[in-house]
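In what follows, a structure is listed as structure tokens, so that the remarks can point back to it.
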Amino acid sequence: MSPEQNDETAPPPDGWRGALTRRSFLQRGAFTTAAVAVASSVPGISTFVATTATDAPAVDTEVSDAADEAGPLTEPLIAHVKDAGTGEISLFQGEREVVVRSPSLARSLMSAARK
Amino acid sequence: MSSHREAPEISKDPVADSTDLYAFRSPDAPGTVTLIANYIPLEAPDGGPNFYEFADDVLYSINIDNTGDGFPDISYRFRFTTVNNTPGSFLYNDGPITSLTPPSATSNWNRQQTYTVSRVDMPWNRWRNKGEIVLGSGLLSPPCNIGPLSTPNYGALANSAIHSVGAGPFSAKVFAGQRAEGFYVDLGAVFDLGNLRGFAGDHAGGGGPGLMNGMPGVNSTADVNVHTLALQVPVDQLTRSAPSGPGDSAAVIGVWTTASRQRVRVRKDGGDGAGDFGSGPWTQVSRLGNPLTNELLIGIGDKDRWNALPPTSDGGPFLEYFATPLLPQLLPSLYPGVFPNLAAYNSSAHNVRPDIEAIFLTGIPTGVITPAPTFTNYNGTGIKADMLRLNTAIPPASSPSNLGLLGLDVAGYPNGRRVFDDVATIALRAVAGATLGFVTSFTADGAAGVVDFGLTTGGADIPAKGTENYLSTFPYLGTPYSGYSNPALTPVSVAP
């Protein structure tokens, strides 16, 4: 089996050297990013994503086929704003992770988290 | 230890901490291979009231590479579900547990686990775990061995937790539950600057107070338990094709175990854990192939990273740890004058250790072990990846040696690993230079062939000191030590 044919032991999209240990994950989360639990409870998020055509989230190409495998809409969704400047956001749902890039969505989430 | 508490972060997460891995041709079941992965280090048998158990939020895997490319071709996965049968009770059990039955509010056993075991085959189009085949679900784990009143006739009780499972073309015998620790080593000696009790007089600190030259070793893992995932699988369900014989690389499988957690876990207010949930892909937090790799070779700053990365990373960022390991450099300093040839080799310009690379990373090609010239467990590609490599075409030994290949028993470690193999001594002798002469011009020091931990009387001593209760049948690791009778300072009237 080649590296790009993945399971939990295969390389992550950003390569082995960038793989996150639990500790580095927490460190990065603490110092450089914001993680926000998002469900339908965050006002305006779904509307924002659906209507902001000029700033539509760019879905990471390596996980773009995850959409058809998404879990039920009732399953909790976690958003991890990795970099507010570039708008890189990881969305976790079920056993999936989708990376989107949207500075305005990142700003909106950060703003919602401060309310 | 083999891999108990071997890295800083995973030592704080014992339910995901792999301790030992075994892979061997089943001596009593021709045509099958037994795979055993142990988790949860150093379980005190009396460690209640919340006795040890697997974690519901950990994905446990036993992986097999049968193509030599360093990636899994087959993965067996275990997922656990835990229930409180009687939430109002503070006890593990309210009465004797005499049989295994599905979770029920009327059960004497309060805290009970069931599990699902599945198989994933990974051709190119099986990305993201599609194609996972459930071999068995709702399988019953046994309770821990509490004592004669709570878990009477424990051996029979645990035997009823051996399940035959299967789906489609795949079948297996499976067990998941507590077992007696089978690995043996003198930890106190290892971690006191390699102060091997039988050779302490030769140590650089020899003659000081407390050193016991000539004393037998202490089995630090005697009388403790572990949690075992065990599978017995037909050989032809593990190899990529039917091998023509022991010299065919198709006979060789590489085995390693991993534990993974989901990227995110959300804890709910209230603290009972009932509303907690995980989210996101599974990310690896523990890895184990060969015994002692992470323990003795990998630097402390890299140990948790090693746990998180796949075997193929061993040919990349971790290769230096295998090519020029630190322990062989230390031995001549710890034991001045005892390893002069090793000291000279270490100081030479070409002091890499191709023998360590072969044992741990590629398997051993045919013709290398001159006393056993036809032996091989080479992966056929030379791709470097730490795995336990088993040549499945080599039958079980009729008169095994716990020194495995060093004892010219080609059915033992590093050809796979059996429960009784003295892997600590084998590894110690290897790093001391006993295997270096097979692959380069080197004459091993005499001490490299005799140094040990003092826990066996020799290669034929299969039930090594403190491990007397190995089983002759699946799951081979012994009946766990009971909480009532262990630690051994309590009256031992009920064995084990």
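Read the figures in this text as sums done on the coordinates, not as results from a lab. All figures in this text were calculated on a predicted structure; none of them were measured in a lab. As a convention, Cβ positions derive from the backbone with ideal geometry for all residues, glycine included, and neighbour counts pool all protein chains shown.
Subtracting the Cα-Cα distance of B:Ser99 and B:Ala29 from 0.36 nm times their residue separation leaves 22.6 nm of extension gain. Taking the charge dipole of chain B about its Cα centre, with +1 at Lys and Arg Cβ atoms and -1 at Asp and Glu Cβ atoms, the residue from B:Pro243, B:Trp109, B:Leu187 reaching farthest to the positive side is B:Pro243. So which of A:Lys115/B:Lys303; A:Lys115/B:Lys268; B:Lys384/B:Lys465 end up more than 31 Å apart by C-alpha? From the list (A:Lys115/B:Lys303; A:Lys115/B:Lys268; B:Lys384/B:Lys465), the Cα-Cα distance tops 31 Å for A:Lys115/B:Lys303; B:Lys384/B:Lys465.
The mean number of Cβ atoms from other chains found within 10 Å of a Cβ in peptide A:96-106 is 1, as a whole number. Once the C-beta distance of A:Lys115 and B:Leu408 is scaled by a Förster radius of 60 Å, the resulting FRET efficiency is 0.25 to the nearest 0.05. Spin-label model, B:Ser171 to A:Glu75: label points 7 Å out along the Cα-to-beta-carbon direction sit 3.4 nm apart.
The listed peptides B:399-411, B:105-117, ordered by packing as a protection proxy, come out as B:399-411, B:105-117 (highest mean of other Cβ atoms within 10 Å first).
Computed from label points 7 Å out along Cα-Cβ, the spacing between A:Thr86 and B:Ser137 is 4.0 nm. Computed from the Cβ-Cβ distance with R0 of 35 Å, the FRET efficiency linking B:Ala274 to B:Ala204 stands at 0.05.
Taken along the Cα-to-beta-carbon direction at a fixed 7 Å, the label points for B:Lys12 and B:Ala323 span 3.4 nm.
Over what distance in Å are the Cα centres of the range B:151-198 and the range B:236-307 separated? That distance is 18 Å. Using a cutoff of 8 angstrom between alpha carbon atoms and counting only pairs six or more residues apart, the relative contact order for the range B:213-371 works out to 13 percent.
Extension gain for the segment B:Asn84 to B:Asn50, taken as residue separation times 0.36 nm less the Cα-Cα distance, is 11.1 nm to one decimal. Calculated FRET efficiency, B:Glu468 to B:Val352, Cβ-Cβ distance, R0 = 35 Å: about 0.30 to the nearest 0.05.
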